[in-house]
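The values are calculated or read from the model by the stated rules, or taken from the named source; none is laboratory data. Please read these numbers as outputs of a predicted model, since none were measured by experiment. Methodologically, a virtual Cβ is constructed for each residue, glycine included, from the backbone with ideal geometry; neighbour enumeration extends over all protein chains shown.
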Amino acid sequence: MRDLLGGLLSLVAPLRCPGCDEPTAGSTVFCTSCTALIEPASDSGAVYEYGGPVADAIQRFKYDARSELGALLGSVMAEEASQWAGRVDAVVPVPLHWRRRRARGYDQAALLARPLASSLGVPALLRCLRRVRNTPSQVDLPHAERQRNIAGAFATSALHGVGRVLLVDDVRTTGATLGAASEALRAGGASEVHTFVLAARVLVQAT
Ligand SMILES: [Zn+2]
């Protein structure tokens, strides 16, 4: 019943820009003003550079209980995913630890993975990668400490012969989390692990 109601509401409610929450014309995900501020990523492993309206959208999605933004932001990733078509056998989201997922109510990377996987015509495997340690937040840690913090944090099960994996997350900062998750997938039998994120932070080298 709640799903039905949600479906009906989305039909009558105007589409809103995930960056500023203002109504949009509906032809693009982000509104015109936000689109003008958004930078594409400098590498093919990400859609956007992290910052501005993209950072605001991710903030809303993760910390303001706006799980409905997952389908929208996942559709943005799906549009940019043609490079992976025919090159991967499954999409695997970087999971939260169950304690954090329980606190948030959803796992953001899993919500991004679903539309992406369906656009590629491959399964989204939501249970084969698990976070076995509830690591402290990576946000304020320097790179070397991030790698120490995250090492051994993931375990795999039930890959069932899936060879080529597209590992998906919302944000890439140093790549330490994606690196640790990729390592676990390879140890679990994946032959290739490619990574794809919604937004990549541009790291400024300390001088
Ligand atoms: Zn906007």
(message) Within segment 122-198, considering only strands (runs of 3 or more DSSP E) that don't extend past its boundaries, which have at least 2 residues that are closer than 24 Å to ALA85 by Cβ and modelled with pLDDT of 95 or more?
(response) 164-172
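Would you mind stating whether VAL76 is within 16 Å of the ligand (Cβ to nearest atom), touching a strand residue (DSSP E or B) at 6+ places or on another chain (Cβ under 8 Å) and on the phi < 0 side of the Ramachandran plot?
So VAL76 passes the test.
Do we find a residue being among the hydrophobic types (A, V, I, L, M, F, W, C), at positive phi and either under 14 Å from the mean Cα position of the chain (by Cα) or surrounded by fewer than 20 Cβ atoms within 10 Å (Cβ to Cβ) (or both) anywhere in segment 136-153?
no
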(message) Just to be sure I understand the filter: pairs with C-beta atoms under 8 Å, separated by 6 or more residues or on different chains, first member in segment 50-70 and in contact (Cβ under 8 Å) with a residue 24 or more places away in the chain and on the phi < 0 side of the Ramachandran plot, second member part of a loop (DSSP other than H, G, I, E, B) and among the aromatic types (Phe, Trp, Tyr). Which pairs pass?
(response) PRO53/PHE30; ALA57/PHE30; ILE58/TYR50; SER67/TYR106; GLY70/TYR106
(message) Take the residues in segment 19-46 that are over 20 Å from GLN59 (Cα atoms) and in contact (Cβ under 8 Å) with a residue 24 or more places away in the chain; name whichever of them is nearest to the ligand (Cβ to nearest atom).
(response) SER42
(request) Give the residues of segment 47-67 that are away from the ligand (no atom under 16 Å from the Cβ) and under 23 Å from ALA103 (Cα atoms), sorted by residue number. (result) LYS62, TYR63, ALA65, SER67
